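Enquirer: Handing you a structure now.
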Amino acid sequence: MPEESGLKKLTRNKFARFLISSGSGFLVDVLAFYLLDRYLLTQPRYHLGFTTVEHHALALVISFTLGVMVNFLATRYLVFSESELPFKKQFMRFALVAFVGYFANLWVLRAFITYLHLAPPVARITAALSLFFASFFIHKAFSFNLSLRKHAATNN
């Protein structure tokens, strides 16, 4: 039996595919934030109903939402496609995990900057990576309702 190529092995690995799907969402988030912050949201503040928000805060909400949507779709179809939960339920669970993850990331980011004195860009990447591993298992078990015990069997 011929040896499987490294790229083929990598694409068959759920964890590697999750890294790609999460990375895609992160890239969309960062790119959208940059475009919104630099070119599209030209006013310093925006009045939204009964509140006023700074342009960078609005850019973050929009970009984060776009990133979560891309991440969800990629994760649903490329990583955990065997899930039998309805689309809407998967998305609601995924969005809840992303919402909680946003605040966890913010807390870890602040801790890395304040207590470990990491530079903000290094702290941002380190915080994202530190929470990435937990995110895989939380999404597998909660968002897509798949057994963690079967992880080793379905990983390849």
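Nothing in this text is a laboratory measurement; each read-out follows from the coordinates by a stated rule. Keep in mind the model is a prediction, meaning the values are calculated, not measured. No Cβ is skipped: glycine too gets one built from the backbone with ideal geometry, and neighbour counts run over all protein chains shown.
Enquirer: Output the residues belonging to segment 71-92 that are assigned to a helix (DSSP H, G or I) and surrounded by fewer than 19 Cβ atoms within 10 Å (Cβ to Cβ).
Expert: Selection gives LEU73, TYR77, LEU78, PHE87, LYS88, LYS89, PHE91, MET92.
Enquirer: Let me ask something else. Only one of (1) part of a helix (DSSP H, G or I); (2) over 18 Å from SER130 (Cβ atoms) is not met by VAL100, so which one is it?
Expert: (2)
Enquirer: It is to be established whether one or more residues within segment 22-44 are under 19 Å from PHE136 (Cβ atoms) and polar (S, T, N, Q).
Expert: Yes, the conditions are met somewhere in segment 22-44.
Enquirer: Which residue pairs have Cβ atoms under 6 Å apart, sit 6 or more places apart or on different chains, and have a first residue in segment 46-60 that is touching a residue at least 12 places away in the same chain (Cβ under 8 Å) and a second that is hydroxyl-bearing (Ser, Thr, Tyr)?
Expert: Taking only residues 6 or more apart or on different chains, the pairs are LEU58/TYR46.
Enquirer: Okay, moving on. Can you give me the number of residues within segment 41-68 that are surrounded by 13 or more Cβ atoms within 10 Å (Cβ to Cβ) and in contact with a His (Cβ under 9 Å, 6 or more places away or on another chain)?
Expert: The number of residues fulfilling the criteria is 3.
Enquirer: With respect to the numbered conditions (1) touching a helix residue (DSSP H, G or I) at 6+ places or on another chain (Cβ under 7 Å); (2) not in a helix (DSSP H, G or I), which one is the sole condition not fulfilled by ILE138?
Expert: With (1) touching a helix residue (DSSP H, G or I) at 6+ places or on another chain (Cβ under 7 Å); (2) not in a helix (DSSP H, G or I) applied to ILE138, the lone miss is (2).
Enquirer: Another one. Yes or no: PHE33 hydrophobic (A, V, I, L, M, F, W, C), in contact (Cβ under 8 Å) with a residue 60 or more places away in the chain and surrounded by 10 or more Cβ atoms within 10 Å (Cβ to Cβ)?
Expert: It is false that PHE33 is hydrophobic (A, V, I, L, M, F, W, C), in contact (Cβ under 8 Å) with a residue 60 or more places away in the chain and surrounded by 10 or more Cβ atoms within 10 Å (Cβ to Cβ).
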